[in-house]
Amino acid sequence: PTLDDLRRLIISAKNTQSRIVTREDLISHVYMMPNKFGRVFRVGVRSNPDNPLATQLFIVSRSSQGNLVTSPDSLKDNLSLFLDQNRLISDAIDIMDSPITNIGVTYSIVVNGISNKNIVLQQINSSLKKYFTVTNFQIDQPVFLSEIQNIILNTAGVISLSDFKLTTFSNSSSSGTYSDVIFNIEENTFKGIVSPPPGGIFEIKYPDDDIIGVAE
């Protein structure tokens, strides 16, 4: 390109830097919104199956206790106004709530004869809590069952894993209040990979109660 061509390209590139063109642009703009208008914890982008010019933007917020919560309407309104400043006029962005799927883990292990069963269970539960920390998960991120099994089996003192399954919780129970999302683990598991609902996110809300192990 000539110098004049480069000058025109530079001006054009500078003018489009603040525009939302790609999925990555959209995600970065959501996180760029000033905190005074509300804060989005996680964001996911999907194509709208009913409108090729529209994008589904899934968002979820976080409570002061650190749990996932549905974003308030005021935040969605502020986000819509913020994004409208830079979106292309032909594009449409549908802001939607990310389905929060509350899950748990139950397992049974066989411990060798020289290890303390309670200590082994504590170590496994601690490792699983770290793995399922809410900051480790994104919208549309699946759970790999093999990774959970490896955490359990690689804990010192464990001889074998005799039983293991992922469980789900919804509405209220003795542990507390969960989301109202009803989720079928088996129907959404393929080759050891558990996928959340479209635009959804997994959370172990009460790890002290929802990670349960038994040692033999």
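The values are calculated or read from the model by the stated rules, or taken from the named source; none is laboratory data. Predicted model only: the values in this text are computed from it and were never measured. Here the Cβ is made from the backbone with ideal geometry for all residues, glycine too, and neighbour counts use every protein chain on show. Side chains are part of the model used for accessible areas, which takes the heavy atoms of the whole protein and leaves out ligands, DNA and RNA. Shrake-Rupley method; radii C 1.70, N 1.55, O 1.52, S 1.80 Å.
Details
- Against the chain, whose longest principal axis is taken from its Cα atoms, helix 23-32 shows a tilt of about 80°.
- Prolate/oblate/rounded label for the range 175-216 (Cα gyration tensor, a/c 1.5): oblate
- Estimated FRET transfer efficiency (residue 138, residue 114; beta-carbon r; R0 41 Å; 0.05): 0.50
- Of the trypsin sites (Lys or Arg not before Pro) in the range 129-216, the ones in a loop by DSSP (not H, G, I, E or B) with at most 15 other beta carbons within 10 Å are 191.
- On Cα atoms only, tilt of 3-16 relative to the major axis of the chain in degrees: 50
- Using Cβ point charges alone (K and R +1, D and E -1), the dipole size of the chain about the Cα centre works out to roughly 660 debye.
- Bins of 10 Å, starting at 0 and running to the largest distance - Cα pair percent for the chain: 7, 27, 26, 19, 11, 6, 2, 0
- Charged side chains reduced to their Cβ positions (Lys and Arg at +1, Asp and Glu at -1) give the range 41-136 a dipole of some 680 debye around its Cα centre.
- Between helix 117-131 and the chain: long-axis angle, C-alpha atoms, 0 to 90°, nearest 10: 10
- The range 55-184 - percent of accessible surface contributed by carbon and sulfur, probe 1.4 Å: 48
- Dimensions (Å) - the range 136-216, Cα atoms, principal axes, largest first: 38, 31, 23
- Contact order relative to length of the range 145-216, as percent, for alpha carbon pairs under 8 angstrom and 6 or more apart: 21
- If R0 is 35 Å, the Cβ-Cβ spacing of residue 147 and residue 85 corresponds to a FRET efficiency of close to 0.30.
- The overall shape of the range 45-131, judged from the alpha-carbon gyration tensor, is prolate: a/c is not under 1.5, and a/b is greater than b/c.
- Per residue, in Å², the accessible surface of the chain once ligands and nucleic acids are set aside, probe 1.4 Å: 58
- Listed residues 111, 60, 40, most fluctuating in the chain (Gaussian network, C-alpha, under 10 Å): 111
- Leading residue at positive end of dipole, the chain (Cβ point charges), from 83, 195, 112: 83
- The calculated FRET efficiency for the pair residue 170 and residue 130, based on their C-beta separation and a Förster distance of 22 Å, comes to about 0.35.
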